[in-house]
């Protein structure tokens, strides 16, 4: 599969393609291995807080280190293509490290967002963003939706019906 438009290997490639910086650049990151309604709502909520949303996407190697054998279920190009199909996502940048700290330092977003399982104190890059006058937003989860629970249901043979 060819890399989709809007999918970048690093911050420098992104910056070269976007020389005019948005007023409020939003950043979030994750594996996004199986996109579900919780992800869609989360990304729309983050995008609503600014002018441009960049998603830092864990590389395949990074996902395997973080999630274990058998992950990711979809390769990084497929995951980026799905993310970029959402109206809320303006760009996706792959990163190989276990955390997006280097990417956050390079992009210098005005808004750094993470999901409801984080607290501001546990968000990687918080100090760097706040030192420049930016802010961190914790976005609540949509109850009943998680990639781990979907994978668990598939593996156990119980199907993938999500809670209503």
Determine the gain in length on full extension of the stretch residue 66-residue 12; use 0.36 nm per residue of separation and subtract their C-alpha separation, reporting nm with one decimal. 16.9 nm
In deg cm²/dmol, rounded to the nearest 500, the helical mean residue ellipticity at 222 nm of the chain, built from -39500 (n - 2.57) for every DSSP H run of length 4 or more, is -9500 deg cm²/dmol
With the cut-off at 1.5 for a/c, could you classify region 1-80 from its C-alpha gyration tensor as rounded, prolate or oblate? oblate
What FRET efficiency would be calculated for the residue pair residue 132, residue 5, taking the C-beta separation as r and a Förster radius of 35 Å, to the nearest 0.05? 0.75
Once you have all Cα-Cα distances for the chain, histogram them in 10 Å bins from zero and send the whole-percent values. 10, 40, 38, 11, 2
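Within a 10 angstrom radius of the beta carbon, how do 24, 55, 129 rank from fewest other beta carbons to most?
The fewest-first ordering by Cβ neighbours comes to 24, 129, 55.
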Tilt relative to the chain, helix 37-47 - C-alpha long axis, 0 to 90 degrees, to 10: 10
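Have a look at the DSSP beta bridges in the chain and tell me what percent are antiparallel, nearest 5.
Bridges in the chain that DSSP calls antiparallel: roughly 0 percent.
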Which distance in nm do the two modelled labels at residue 121 and residue 51 give, with both placed 7 Å along the Cα-to-Cβ direction? 3.5
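For 18, 36, what's the fewest-to-most ordering of other Cβ within 10 Å of each Cβ? Provide the component values of the computation, followed by the final result.
Values: 18 15, 36 19.
With the sparsest Cβ surroundings first, the list reads 18, 36.
Among 122, 28, 77, which comes first, second and so on when ranked by fewest other beta-carbon atoms within 10 Å? List each step's numbers first, then the result.
Details: 122 10, 28 24, 77 17.
Ranked by crowding around the Cβ, least crowded first: 122, 77, 28.
Any read-out appearing in this document is the output of simple, stated calculations on the displayed coordinates, not a laboratory observation. It should be emphasised that the depicted structure is a prediction, and the values quoted were computed from it without experimental measurement. Neighbour counts run over all protein chains shown; Cβ positions are idealised from the backbone, glycine included.
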